[in-house]
Amino acid sequence: MTKIKSLDELRQKKQQLEQSLEIREKSDHPESMIQIKVAMATCGIAAGARTVMNALVEKIRNEKIPAVVTQTGCMGYCYAEPTIEVKKPGQDPVVFSYVDVKKAEEIIDKYIRNNELIDGILPANYQTI
Amino acid sequence: MNDLALHLLDIVQNSLSAGASLITITVDEDLIKNKLSMAVKDNGRGMTQEQVKKLSDPFFTSRTTRRVGLGVPLFRQTAEQSGGSLEVTSEPGKGTLLSVHFQYDHLDRPPLGDIPNAVVLMMSANPHVDFEYKYSYNGKSYEIDTFQLKEVLGDTPLSDLHVMGMIEEMIKTNQSDLKVCPIQ
């Protein structure tokens, strides 16, 4: 792969990408995609949130999952960092705790792909009737 | 925090929660002067003199989710343990400038870490905020900003994961080129 150095090269590369249809049109409509928020305040970063975010980005990119990864601040679960919130379109968000690279992959494989709930979900959106 | 890139990610979160729309990050490695400097400047809501004074107090925070605020105190401690300092200047309504200096060859200075990755993560996770990034190495520098990137990318959002990888690679190539000694 040739290295990208200038903005012109970036432009060319982007056009190639668009032609190969790797970039989804959906990216413009985040609400129709799975949204993953990585908690990245001091507590999250110190506990390894960046490694988790990079792992998520890589897996999503390689496996072409329709998801966007963004950052959020501290949700008050400092003891359980790194935490990530996964919001599937039309569903309530789910917060996973103590996420590491392995767990991040498990979340994608089990929850995102198969809707299977796994250990370590924080009752962040707990509702009473 | 294992490296300075993580501190940078953390400090930029403060700018984001201050409602900044433009964040300028500078990293300057100057081996000749034996100095390493980093700065984060934003146009967020800023702080009063009182708040600036309290910044280094770990038990001061503006947030309500928890009672401690460790980002700036930890960064200051890291700077001071490696023969450096951290300064914050801020004005309500105008924004904040945080600058930090390290003695380059100090044994306790943490490694710089993967700054391009940190910058790209910030850019892609906050597409509505503009970032300017300037990296200098012994006086030679490389600059990139989201205004240029957004123009090049057109309709493709910065948060696209393929684009992220390309931008990261571009920044890394340019940065490592700065470190190449020209043949005299």
Answer from A:104, A:80, A:124 - the residue that is closer than 24 Å to residue A:45 by Cα and touching a Lys or Arg at 6+ places or on another chain (Cβ under 8 Å) = A:104
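Being of a type in the set (Lys, Arg), modelled with pLDDT of 90 or more and in contact with a Ser or Thr (Cβ under 7 Å, 6 or more places away or on another chain): is that true of residue A:103 here? Break it down stepwise before answering.
Working: of a type in the set (Lys, Arg): yes; modelled with pLDDT of 90 or more: yes; in contact with a Ser or Thr (Cβ under 7 Å, 6 or more places away or on another chain): no.
Answer is no for this residue.
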Filter region B:163-184 down to the residues that are assigned to a helix (DSSP H, G or I), surrounded by fewer than 16 Cβ atoms within 10 Å (Cβ to Cβ) and not small (Gly, Ala, Ser), then identify the one that is nearest to the other protein chains (Cβ to nearest Cβ).
-> B:177
Of (1) more than 14 Å from chain A (Cβ to nearest Cβ); (2) surrounded by 17 or more Cβ atoms within 10 Å (Cβ to Cβ), residue B:15 fails just (1)
Enumeration of residues in region B:158-173 that are in contact with a strand residue (DSSP E or B) (Cβ under 7 Å, 6 or more places away or on another chain) and either at pLDDT 90 or above or among the hydrophobic types (A, V, I, L, M, F, W, C) (or both) | B:171
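Across region B:13-36, what is the number of residues that are outside any strand (DSSP E or B) and within 29 Å of residue B:127 (Cα to Cα)?
Narrowing region B:13-36 to residues outside any strand (DSSP E or B): B:13-21, B:31-34.
Then keep just the ones that are within 29 Å of residue B:127 (Cα to Cα); that gives B:13-21.
Residues flagged as outside any strand (DSSP E or B) and within 29 Å of residue B:127 (Cα to Cα) within region B:13-36 amount to 9.
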With the checklist (1) at pLDDT below 90; (2) of a type in the set (Asp, Glu); (3) not in a loop (DSSP other than H, G, I, E, B) in hand, flag the one item residue B:155 doesn't pass.
-> (3)
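Does residue B:93 count as away from chain A (no Cβ under 11 Å), of a type outside the set (Ser, Thr, Tyr) and within 29 Å of residue B:19 (Cβ to Cβ)?
On the way: away from chain A (no Cβ under 11 Å): yes; of a type outside the set (Ser, Thr, Tyr): yes; within 29 Å of residue B:19 (Cβ to Cβ): yes.
Judged against the criteria, residue B:93 is a match.
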Collect the residues in region B:139-163 that are in contact with a Leu (Cβ under 9 Å, 6 or more places away or on another chain) and of a type in the set (A, V, I, L, M), keeping them in residue-number order.
-> B:144, B:149, B:152, B:153, B:158, B:163
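What do you reckon, is residue B:155 within 14 Å of chain A (Cβ to nearest Cβ) and surrounded by fewer than 19 Cβ atoms within 10 Å (Cβ to Cβ)? Reasoning before the result, please.
On the way: within 14 Å of chain A (Cβ to nearest Cβ): yes; surrounded by fewer than 19 Cβ atoms within 10 Å (Cβ to Cβ): yes.
Considered against the rule, which asks whether it is within 14 Å of chain A (Cβ to nearest Cβ) and surrounded by fewer than 19 Cβ atoms within 10 Å (Cβ to Cβ), residue B:155 comes out as yes.
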Report yes if residue A:120 is surrounded by fewer than 19 Cβ atoms within 10 Å (Cβ to Cβ) and in contact with a Phe, Trp or Tyr (Cβ under 6 Å, 6 or more places away or on another chain), otherwise no.
-> yes
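Restricting attention to region B:113-121, does a residue exist that is among the charged types (D, E, K, R) and more than 9 Å from chain A (Cβ to nearest Cβ)? Explain how you work it out, then say what you get.
Within region B:113-121, the first condition is being among the charged types (D, E, K, R), and the residues that meet it are B:114.
Of the ones still in play, those that are also more than 9 Å from chain A (Cβ to nearest Cβ) are none.
The answer is no, given that none of the residues of region B:113-121 is among the charged types (D, E, K, R) and more than 9 Å from chain A (Cβ to nearest Cβ).
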Scan region B:136-152 for residues that are outside any strand (DSSP E or B), in contact with a helix residue (DSSP H, G or I) (Cβ under 8 Å, 6 or more places away or on another chain) and within 11 Å of chain A (Cβ to nearest Cβ) and jot them down.
-> B:148, B:149, B:152
Please specify each residue of region B:98-135 satisfying the condition of being in a loop (DSSP other than H, G, I, E, B) and not hydrophobic (A, V, I, L, M, F, W, C).
-> B:104, B:105, B:106, B:108, B:109, B:110, B:111, B:113, B:114, B:126, B:127, B:128
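The values are calculated or read from the model by the stated rules, or taken from the named source; none is laboratory data. Every value quoted in this text rests on a predicted model; they were computed, and no experiment measured them. In this analysis, Cβ positions are derived from the backbone assuming ideal geometry, glycine residues included, and neighbour counts consider all displayed protein chains.
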